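In what follows, a structure is listed as structure tokens, so that the remarks can point back to it.
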Amino acid sequence: RTLGEIVTHMQSKVGGVTAASEVAAVKKPKAETHVVKKVAGAPSATVAISRLSAVTKINQNTKGANALVVNDGSDTSVELSESLINSGWNVTVLNPSWVNAQSNKALPSAVNEIAISSVDEKQISEIISTNAQLDSVIYLHPESTIENIVYPQTSKQGLELAFILAKLCNVKAAKVARASFIVLTQQGGQIGFESNDVTVDLVQGGLNGLVKTLSHEWSEAGVFCRAIDVVSTMSAENVANIITDELADVDAVLSEVGYDETGRLTLIGEVTDSYALTSGNNIDKDSVFLVSGGAKGVTAHCVIEIAKQYQAKFVLLGRSSFDANEPSWANGINDEVALKKAAMQALIATGDKPTPVKISQFIRPVLANREIAQTLAAIESAGGQAQYVSADVTNSESVQAAVKPIIAEFGNVTGIIHGAGVLADKFIEQKTLAEFDAVYRTKIDGLTSLLSVTEQSFSGKSKLKHLVLFSSAAGFYGNPGQSDYSIANEILNKTAYRFKALHPQTQVLSFNWGPWDGGMVTPELKRMFDARGVYIIPLDAGAQLLVSELAATDNRCAQILVGNDLSKDQEPKDQTQDFDIKKPQVSRLTKALQTTNATFTNAFLADHVIDGNLVLPTVCAIAWMSEAAVSLYTGYHYQGLENYKLFKGITLNHEKGDGNQFDEVNIDFKVLADSGDTLKLDAKISSTVANSSSNGKTVFHYGAQLTLVRRRDDLPITNLQLPALSSDVSVEATALYQNGTLFHGESLQGITDVISCNETSLLLACSVPSIAKFKQGEFVIPVNTVHSNHNIFANDLVYQAMLVWVRKQLGMGSLPSKTLAWQVYREVMLDEAFYIDLKVVEQTASKVVADIRLISENKQILAQVNSAEVTISENLNNLFLKTDGGKNA
Ligand SMILES: NC(=O)c1ccc[n+]([C@@H]2O[C@H](COP(=O)([O-])OP(=O)(O)OC[C@H]3O[C@@H](n4cnc5c(N)ncnc54)[C@H](OP(=O)(O)O)[C@@H]3O)[C@@H](O)[C@H]2O)c1
């Protein structure tokens, strides 16, 4: 089936609009006692912030490339245009008339400025077609603030502009620079997570949904899509730098980033068990839930489950009209084929010609009636009470009028469940603004209408105990064909955080459902999802998950992801072929050196001072090379390296003027071997020195051959006898950092005990000090096994172990020089205690060579290092001795 056919099918499910309100109830049967059936639970996750390392940039020639920038009225537009022009771009700036100009600065004269007064598809199409082929569209959303939960029309207009630009820009055909579509928002720098700023506009959150969907739809065409969120207090110059850095990011998979006071971040899902929560939160037979879309589809299943467990009251709202009496031609006919036949005969009897469309229009109200009746009956039989009202949720007045008489009978609404939703699935290029509007309004205007019914709108103080939003996985991950739906659901997600921040006493939940086995998901769609390996939520599992979260005493996160991780394409395909086409054989990336005074400082560097110099630890260079490699070769994991060599270390004392005379380093890769599943790369880090003596000369710093694999090897287990790990730091371990054995400062002091040491071996107990979290800078410590970031604080202990053995056994100082091989099975996690086991394999007058393993508490080998070498010398003895103030001599 094509997407278009799916859409037609989906739309055919949505009945005609009924303007007048209708109220219906069914007879009340006797209540049954409900025992919660045990079902296999659906996977779920809460959303969390994940810190990111700094951008690694691709080197691209942007001379003559064409960018379209949408002016947000601030200095950022000016700074960005200047910076782009300086890098050779031709810049066209769109000036929307509804954006207030706040900047006193003029745009550079080289900019081609075009004014627009509305989101007129024809005008925008002309602008794009009369301009040169675009390489990049950069939409800057104007800053605006709101009070309470409102969705300003001007902000929606901006969203529509971005949507139409995405539809028409055709960046897929970019000729000069890498094709890109970038948006900038000011949601507080944390992408709306937990609403750290309760005044920022909520509508802009929809732009994240747009970009994430585009990143799926345009992935084959290689368009780089990125949503960037910054704190509104950030200087225009900083924001412009962030945009140009992100524009060159080598990681084309990541689609949304934020910049808060601490640095760069994105949002991830963290696995949770929604069924294991403790219940006890305020639901009983007096609870009154106002439920849009609650009489049909998956929302109805959830409502019935609440009724079964709590016998509450429900006002169910939908557009379908409800008539307890069926037309006589349909009476008693349940079989679908037979029903179609009866409809055909009834049509003929009225003198009409029965076409397939007419037949389905004829039976749709019958099916809707039956579904509504079944839901009402199921609620009543569970001991709850329910009334159905027909009203369009996008029309606030009609919703209020329809619900008012029932509130008089049931009591005030204590909970809202917003389940109404419609689809208009098509790729962005085929979408219309009318379809966008229908999808958007059902979700957004719909929520406004529902909230207007509650006391919240009258007193400004919410008495709501529960607010449940039926959002979608398409909001969090994006989904091909669903840009509008993704936009609307992302706004619901951001709204959930905001509502929680404004009304902490309310249980707020935005469920980002994956596909259910029912409702909008037709058997055809289900087959498509199955084929892609997407988890389908069984009706009982989904409904019980909702009730468990709703009734929980803990509202630990307002956004719950249900189903499997859809950020990666699950579709089994011939990956080898796919990657062969795109794999660059030789590439150069660049990395900015983060100095101590930079905004996002690598503070831990102050703990790695040798002879007065801030020296970049070897493990950081390894992390740079491997992280750049996996972002360049997507689909691969870093397995390890061979022949690591240090040519010339990097020192970073910029403020003293005695550091490097360069601000960035180059990371060069060359493919050495490629077997499809394994990739061997030659990697080198170099810089170009620009001082008088060595102008333009390339200096090599580090080199290694890296191995990337599609799947990392399983963790081997060691049979080594290991004592239990203690959380205390021994006196002997503390002394190592004070007596000149080791020079490392607090964040790098990870040795907690020397368990044993003899002529051939050393066993250490280790744990990364918690202070490292605050000093990690761009080298983010992995918090769970999904993260592939390097734990440089743990890895540095490999070389510290060598220094300890040399000092203890030979009484000498030492410095690492090379490493034959280092295989990683998994990185050490944040707060994880582990062992380091060192065995000496060679010893001469000038060097010691050892094999070292990082071992977890349950004896898994986390990493195996072979033949790590240190140069030893008595001359190094005093190098690490601390003098006054903890500084190194
Ligand atoms: N099913 C899934 O796999 C899935 C996945 C992710 C998210 N969701 C979300 O979950 C919710 C329910 O989905 P579903 O699968 O049960 O969809 P569905 O079967 O199509 O039901 C949609 C419901 O919304 C109501 N509705 C639509 N527009 C309305 C309007 N303007 N005013 C009042 N009611 C309106 C419909 O009633 P009328 O037809 O009578 O108007 C119907 O009851 C939706 O919000 C959807 O976005 C579903």
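Here is the tail figure for the range 75-172: Cα pairs spaced more than 19 Å apart come to 46 percent of all pairs.
With the helix formula -39500 (n - 2.57) applied to DSSP H stretches of n ≥ 4, the chain reaches a computed 222 nm mean residue ellipticity of -9500 deg cm²/dmol. Multiplying the residue separation of VAL253 and ASP284 by 0.36 nm and removing their Cα-Cα distance gives an extension gain of 6.6 nm. Modelled this way, with points 7 Å down the Cα-to-C-beta line, the labels at ASN170 and THR698 are 3.9 nm from one another. Got a sec? Which residues in the range 502-541 would a label at GLN430 touch, if it sits 7 Å along Cα→Cβ and we count backbone N under 19 Å? Taking a point 7 Å out along Cα→Cβ of GLN430, the residues of the range 502-541 whose backbone N falls under 19 Å are 521-529. Helix 297-310 versus the longest principal axis of the chain: what angle, 0 to 90°, nearest 10, using Cα atoms? The helix 297-310 is inclined about 90 degrees to the chain. Beta bridges from DSSP with both residues in the chain: antiparallel share about 65 percent, rounded to the nearest 5. Between LYS680 and GLU874, the C-beta separation translates, for a Förster distance of 45 Å, into a calculated FRET efficiency of about 0.70.
Helix 153-168 and the long axis of the chain differ in direction by around 70°, with both axes built from C-alpha atoms.
Rounded to two decimals, the Cα-based Rg/Rh of the range 477-561, with Kirkwood Rh, is 1.01.
Annotation for SER726 and ALA531: the two label points, set 7 Å from Cα along the Cα-Cβ direction, are 6.2 nm apart.
Each label was represented as a point 7 Å from its Cα along the Cα-to-Cβ direction; for ASP831 and ASN719 these points are 3.5 nm apart.
One quarter of the convex hull surface built on the alpha carbon atoms of the range 50-270 amounts to 11.6 nm², the projected area averaged over directions.
Of the residues MET829, MET802, the one with the fewest other Cβ atoms within 10 Å heads the list, and the complete ranking is MET829, MET802.
For LYS105, the aspartates and glutamates whose Cα falls under 15 Å of its own Cα, not counting residues fewer than eight places away in the same chain, are ASP72, ASP75, GLU79, GLU82, GLU113, GLU237.
Residues PHE499, PHE322, arranged from fewest to most other Cβ atoms within 10 angstrom of their Cβ, appear as PHE322, PHE499.
Calculate the FRET efficiency for SER219 and GLU336 from the Cβ-Cβ distance with a Förster distance of 30 Å, rounded to the nearest 0.05. Using R0 = 30 Å, I get an efficiency of 0.20. Tell me, in nm to one decimal, what length is gained between ALA101 and GLN374 on full extension, where the rule is 0.36 nm per residue of separation less the Cα-Cα distance? My answer for the length gained is 92.7 nm. On the beta carbon distance between ILE610 and SER118, with R0 = 51 Å, the FRET formula returns roughly 0.25. Give the separation of the Cα centroids, the range 315-365 to the range 692-744, in Å. The two parts, judged by their Cα centres, are 72 Å apart.
Note that the chain, at 4 °C in a medium of 1.567 mPa s, gets a Stokes-Einstein diffusion coefficient of 43 µm²/s from its Kirkwood radius over C-alpha pairs. Length gained on full extension, SER761 to GLU194, computed as 0.36 nm times the residue gap minus the Cα-Cα distance: 199.2 nm.
Give the order of SER675, SER83, SER726 when sorted by the count of other beta carbons within 10 angstrom, beginning with the fewest. The partial results should precede the final answer.
On the way: SER675 9, SER83 18, SER726 12.
The fewest-first ordering by Cβ neighbours comes to SER675, SER726, SER83.
Readers should treat all values here as calculations from the given coordinates under stated rules, not as data from a laboratory. Fair warning: this is a prediction, and the values are worked out from it, not measured in the lab. Glycine gets a Cβ as well: all are built from the backbone with ideal geometry, and neighbour counts include every protein chain shown.
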